[in-house]
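First up is the structure itself, then whatever we jot down about it.
Taken together, the values in this text are just the output of simple stated rules run on the coordinates, not laboratory data. Since this is a predicted model, take the numbers as computed values, not measurements. Here the Cβ positions follow ideal geometry from the backbone for every residue, glycine too, while neighbour counts run over all protein chains shown.
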Amino acid sequence: MRKAWVVAIAAAGAGVSFVMLLVVGVYVVAGDLVNGLNGAGRKLAKGAVPAAYQGLVQEWGNLCPAINPALLAAQLYQESGFNPSARSPAQAQGIAQFIPGTWASHGIDGDGDGDRDVWDPNDAIPSAASYDCTLAKYVKDVPGDATKNMLAAYNAGAYAVIKYGGVPPYKETQNYVRVITSLQESFAAPVGRVDPSEQAAGAIHYAQEKLGTPYLWGGNGTAAEGGRFDCSGLTKAAYESVGITLPRVANDQYNAGPHPDRDELLPGDLVFFSDDLTNSRAIRHVGIYVGGGYMIDAPRPGAVIRFDPIDTPDYFGATRVTEDGAKALPSAV
């Protein structure tokens, strides 16, 4: 485990005042910063895609103007959680969840080894990008956003997009377009400053109220658990207190919004730690940043919820939680 630093607070009220003043001060400065998260051809956020697939996603995500690497990553995450062995009840197969009929028509030999294997990410990821671009060609003359029309065609079929002159009025299709376009932000490296979260101060206040509470593996803070938490149980409850529902485990919480750089952290950002700094799926710890290089976290069995420093060798990165980002996450990956 990381070395623990003990931060003495004179009184709980003084601690809350300090954190709240810090939040307000930082947010005044950050309020005018520009969010530069749109645009094609964007690079992937550090470790957002497992290292084994990052090169493929970055390369094939630039296959046509309607897609980008972050969008392709969002689709793969939504479909399988980057699991090349995934199989759905509808017989969708592999990391890109192709059904057999679609694979027969649109699967390609991405790695040039002479076969088309739906279970091989070296074929399936290029095939997913190729299929997206094929759909984009089918609906290229439809008015509106080319990427959203492509995603709608992926979900509802190109004919429906052509018929309705854009994203069709189907709840499932509209939700799919919203989910993927929102989720892509959690896989993209920011190209500018990331806007602050409106709910961050409330989440910090909740976590601050839990300082001194003993750690419990798997704890969600219920009465039956004595109000105790583990690391991701605490962050989930903190954001739930301000109306944002996060996934239960830390590596899924990483995808709940865009990723600010270390020198752009704001109070309320979730900060993550891992023994594998190339793969967000290997994240094992999370805390809530409060400023000054410190977080509130539930660190380990035998410890209590406390302030800890974030600048340790296993620091992975951060996420600025957004309502849209949290809502876009699949219920299970």
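For the range 195-285, the set of trypsin sites (Lys or Arg not before Pro) satisfying both a DSSP loop assignment and a count of at most 15 other C-beta atoms within 10 Å is given as Arg248.
Straight-distance candidates among the aspartates and glutamates for linking to Lys236, with alpha-carbon spacing under 15 Å and chain neighbours fewer than 8 residues away dropped: Glu209, Asp252, Asp269, Asp297, Glu323.
The residue list Pro258, Ser241, Leu277 was ranked by how far each Cα lies along the charge dipole of the range 234-278 toward its positive end, using unit charges on Cβ atoms, and Ser241 comes out on top. Here the range 198-328 was treated as a single set of alpha-carbon atoms; its pair distances binned every 5 Å from 0 give 2, 13, 23, 27, 22, 11, 3, 0 percent. Backbone phi angles across the range 107-120, fed through the Karplus curve with coefficients 6.51, -1.76 and 1.60 (θ = phi - 60°), yield HN-Hα couplings of x, 10, 8, x, 9, x, 9, x, 9, 10, 10, 5, 8, 9 Hz in residue order; Gly and Pro are listed as x. Couplings for the range 121-132, taken from phi via the Karplus curve 6.51 cos²θ - 1.76 cosθ + 1.60 with θ = phi - 60°, read x, 5, 9, 5, 5, x, 5, 4, 5, 4, 5, 4 Hz in order; Gly and Pro are left as x.
Only aspartates and glutamates eight or more places from Lys140 in sequence, or on another chain, were considered; those with a Cα closer than 20 Å are Asp132. Kindly flag which residue pairs out of Lys43/Lys327; Lys46/Lys163; Lys148/Lys327 have an alpha-carbon separation exceeding 28 Å in this structure. Violating the 28 Å limit, Cα to Cα: Lys46/Lys163. Distance between the C-alpha centres of the range 217-261 and the range 265-304: 11 Å, rounded to the whole angstrom.
For the range 68-117, the relative contact order comes to 21 percent (Cα pairs under 8 Å, sequence separation of at least 6). Under a 5 Å amide H cut-off, with hydrogens placed 1.01 Å from N, Phe316 pairs with Phe272, Phe273, Ser274 among residues at least 5 apart or on other chains. In this Cβ point-charge picture (+1 for Lys and Arg, -1 for Asp and Glu), the range 179-333 has a dipole of about 380 debye about its Cα centre. For the range 230-238, backbone phi angles converted through the Karplus equation (6.51, -1.76, 1.60; θ = phi - 60°) give residue-by-residue couplings of 9, 4, 7, x, 5, 5, 4, 5, 4 Hz, Gly and Pro being listed as x.
Computed from the Cβ-Cβ distance with R0 of 25 Å, the FRET efficiency linking Lys137 to Tyr170 stands at 0.70.
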